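Asker: What follows is a structure written as structure tokens; I'll ask about it next.
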Amino acid sequence: MLDQIEALRWVQQHIHNFGGDPDLVTISGVSAGGMSVSLLLLSPLSDGLFHHAIAESGTAAMESFVSNNPLPMTQMAANASGCSMESTEKIGDCMRNLDIDTIVALAEGVQFPVNVDGHFLMKPVDELLRKHEFLTVPFMTGMNSDEGGFIILEGIAPSNWTDGLDREQVVNMMSMFYPDPKDAFKRDLMIDEYIGTGEDRVKNRDGLTEFIGDFMFNIPAIKTANAHRDGGAAVYLYEYQHTPSFLQKKRPSFAGSDHGDEIFGVLGFCFTTAHVKLAEPCTEEEEQLSRTVMSYWGNFARKGSPNGDDLAHWPKYGAEEEYLAIGLKEQVVGRALKKDRFVFMTQTLSEKIQQHNKDIKHSEL
């Protein structure tokens with residue numbers, strides 16, 4: 001993240017030499033890049049470095065990607081680099097003197113989360129969002145309609161998962177998201193919410209894909225949109241609902257618009273013929289959809305609002321939680337995206353866990 005801060009400082013200092021406007025900088029990213037955008041909005045180091053922000057399918061509110069306690073990762077890095085772990089002072093002295101080859105090898109072998117370090121991030125993400133301690137620049141964020149539909153599960157599920165899943169298989173995969181035995185009750189509540197009794201293998205599969213999308217992308221995006229709206233920023237929320245035709249042919253029929261599918265439209269891949277070329281040509285409808293989303297995104301980058309001539313109106317995300325549903329044939333305004341799941345994840349779940357813990361304490365008396 002500090003590298004990104006330095007890159008943005010470079011833009012402020014030098015972009016005018018390339019015909020750019022340092023007072024009109026828009027940052028954007030997808031997935032981990034969307035998370036970076038969202039984190040930059042939370043850092044005091046970002047003040048004045050950009051003026052609009054777009055986070056697609058990734059926000060800082062995604063659980064487990066930000067650490068409030070850097071010590072475990074520090075100890076892991078020290079151990080991997082051969083440094084003494086006798087004290088944090090000795091760890092620091094040792095690691096500051098590592099040669100560049102060791103540091104590069106360490107970075108390749110250990111995945112480091114973003115840390116609440118008192119420098120880039122002053123407080124935990126939830127606290128910053130709750131207290132509205134972030135940059136209030138115009139903010140576009142959103143998700144695809146089937147974020148957990150295929151790509152993510154393909155890498156962790158049994159080989160025949162597309163035909164359906166037993167309840168036990170769902171429990172095993174859910175446990176990847178809740179590995180701590182203390183979270184077993186929370187995991188079981190999620191299973192009850194998303195697959196119920198678990199008797200129908202197809203419903204189990206679909207429930208798991210929905211959970212993955214909600215847990216990793218959808219609920220964090222809505223939580224982030226709510227915070228920025230309440231903090232005074234102009235927020236535009238979307239749900240992208242189209243799967244590129246050349247990808248749909250390679251996926252099971254039940255998979256909808258999956259993680260990353262919007263990239264092809266936003267970046268205009270339908271029209272590229274050189275360095276990046278699609279395996280199959282886009283349909284005429286897909287070309288028109290790409291022109292539409294490029295117009296929305298381009299307008300937002302230029303003026304902080306996606307709206308423009310010949311485009312369906314995209315309202316700000318307000319008290320009625322308006323968002324734009326972006327489909328192949330039309331773009332329509334919706335309200336309260338995934339409201340039931342959001343209430344469950346952010347309110348009902350914690351209430352049930354609190355009651356469960358009270359019941360345990362009462363039974364122990």
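Asker: For the pairs K182/K338; K316/K338; K316/K339, note any where the Cα-Cα span goes beyond 25 Å.
Answerer: Exceeds cut-off: K182/K338.
Asker: If you rank I360, I191 by fewest surrounding Cβ atoms within 10 Å, what's the result?
Answerer: I360, I191
Asker: Another question about this same structure. What is the set of long-range amide H partners of V114 at a cut-off below 5 Å, with H atoms built 1.01 Å from backbone N?
Answerer: Amide H neighbours of V114, under 5 Å, 5+ apart: S67.
Asker: Using semi-axes √(5λ) of the Cα gyration tensor in Å as the read-out, say which of [x] 32, 31, 22; [y] 42, 23, 19; [z] 55, 23, 17 was calculated from these coordinates.
Answerer: Evaluating semi-axes √(5λ) of the Cα gyration tensor in Å on these atoms matches [x].
Asker: Rank these for me by crowding, E63, E287, going from fewest to most other beta carbons within 10 Å.
Answerer: Ascending Cβ contact count within 10 Å gives the list E63, E287.
Asker: Here is a further query. Let me have the relative contact order for the chain, percent, based on Cα pairs under 8 Å that are six or more residues apart.
Answerer: 16 percent
Asker: Identify all lysines with a Cα-Cα distance to K123 below 19 Å; exclude those on the same chain that are fewer than 8 residues away in sequence.
Answerer: K131, K223
Asker: Quick query: amide H of E322 versus all other amide H atoms, modeled in the peptide plane; which residues come in under 5 Å with a sequence gap of 5 or more or a different chain?
Answerer: For E322, whose amide H was placed from the backbone, the distant partners under 5 Å are A336.
Asker: Could I ask something else about it? Could you give me D for region 69-115, from Stokes-Einstein at 10 °C and 1.306 mPa s, where the hydrodynamic radius is the Kirkwood radius over C-alpha pairs? Units µm² s⁻¹, please.
Answerer: Diffusion coefficient, whole number: 147 µm²/s.
Read-outs: derived from the displayed coordinates by stated rules, not from any lab. These numbers come from a predicted model, not from an experiment. Cβ: placed from backbone, ideal geometry, glycine included. Neighbour counts: every protein chain shown.
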